[in-house]
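Since the structure comes first, as structure tokens, the remarks are kept for the end.
The values are calculated or read from the model by the stated rules, or taken from the named source; none is laboratory data. Quantities reported herein were computed from a predicted structural model and do not represent experimental measurements. Heads up, the Cβs are rebuilt from the backbone with ideal geometry, glycines too, and the neighbour counts pull from every protein chain shown.
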Amino acid sequence: MQRLFLCSMFQNVWKLLKPLKPAMRGKTVTYIPTASKVEKLGWFVNIGKWKLKKLGMLVDELDVSAQPYETIQAALAKNDYIYVTGGNTFFLLQELRRTGADALLTDAINNGKFYIGESAGAIVAAKDIGYSAAMDKKEKAPHLKDYAGLGLIDFYVVPHSGNWEFGKAVEQIVADYANQLNLSVISDKQAIFVEGGNVKLL
């Protein structure tokens, strides 16, 4: 059964995980910061990492853009959780595809591995990420030929509603796609929990 926790800023909503998965202390998490590698987000992703540690989790960092298929496969297989940070969604998808990590992630999540997706990590779970172009620069993924996402969910997360930096982009996405796609717009203090066929706004 799929279990996904999708958010804009994990640092604001990390406590919402506790009632969903109370026994996290001592569990391991594959922490994938790849989306942040083409953005200046070191501080942002580090805060997410600290919050995971505050939950008592053991963080195993894995940049899929810098590791071979076998290393990615082993990390996803051995660890209890998967966490994908924010950053550029197009670059993230490009690297997931290039390394084969996209299929590994999808299989792991469909087989019950708990997935935490923050911003880009939430967007990439959709069937297509093209709608997020107002928020992320496509040119940072020059080798990405199409925008088909992981297809884990049947809606499209729009993170950072009301955010000082991304608020205008959110408004543009809603204006362009509200009549075409099933958008789920969330603020930096909200999260979406998917369990099986149930979707809940937190």
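When the range 8-19 is filtered for residues that are outside any loop (DSSP other than H, G, I, E, B) and in contact with a Phe, Trp or Tyr (Cβ under 9 Å, 6 or more places away or on another chain), the ones remaining, listed by number, are Phe10, Gln11, Val13, Leu16, Leu17. Screening Glu139, Glu70, Glu61, Glu118 for residues that are surrounded by fewer than 18 Cβ atoms within 10 Å (Cβ to Cβ) and in contact with a strand residue (DSSP E or B) (Cβ under 6 Å, 6 or more places away or on another chain) leaves exactly one candidate, Glu61.
Candidates in the range 153-188 are the residues that are among the charged types (D, E, K, R) and within 18 Å of the chain's Cα centre (by Cα); of these, the one that is surrounded by the most Cβ atoms within 10 Å (Cβ to Cβ) is Asp188. Where strands (runs of 3 or more DSSP E) fall wholly inside the range 20-120, no range has 3 or more residues that are in contact with a helix residue (DSSP H, G or I) (Cβ under 6 Å, 6 or more places away or on another chain) and free of Cβ contacts under 8 Å to residues at least 40 places away in the same chain.
Within the range 189-202, the set of residues being more than 11 Å from Leu6 (Cα to Cα) and surrounded by 12 or more Cβ atoms within 10 Å (Cβ to Cβ) comprises Lys189, Glu195.
Among the residues making up the range 92-102, those that are within 23 Å of Ala191 (Cα to Cα) and buried (at least 24 other Cβ atoms within 10 Å of the Cβ) are Leu92, Leu93.
Residue-by-condition table, conditions (1) closer than 20 Å to Phe91 by Cα; (2) in contact with a strand residue (DSSP E or B) (Cβ under 8 Å, 6 or more places away or on another chain); (3) at pLDDT 95 or above:
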residue	(1), (2), (3)
Lys145	yes, no, no
Gly149	yes, yes, yes
Glu165	yes, no, no
Gln172	no, no, no
Ala175	no, no, no
Val185	no, yes, yes
Ile192	no, yes, yes
Gly197	no, no, no
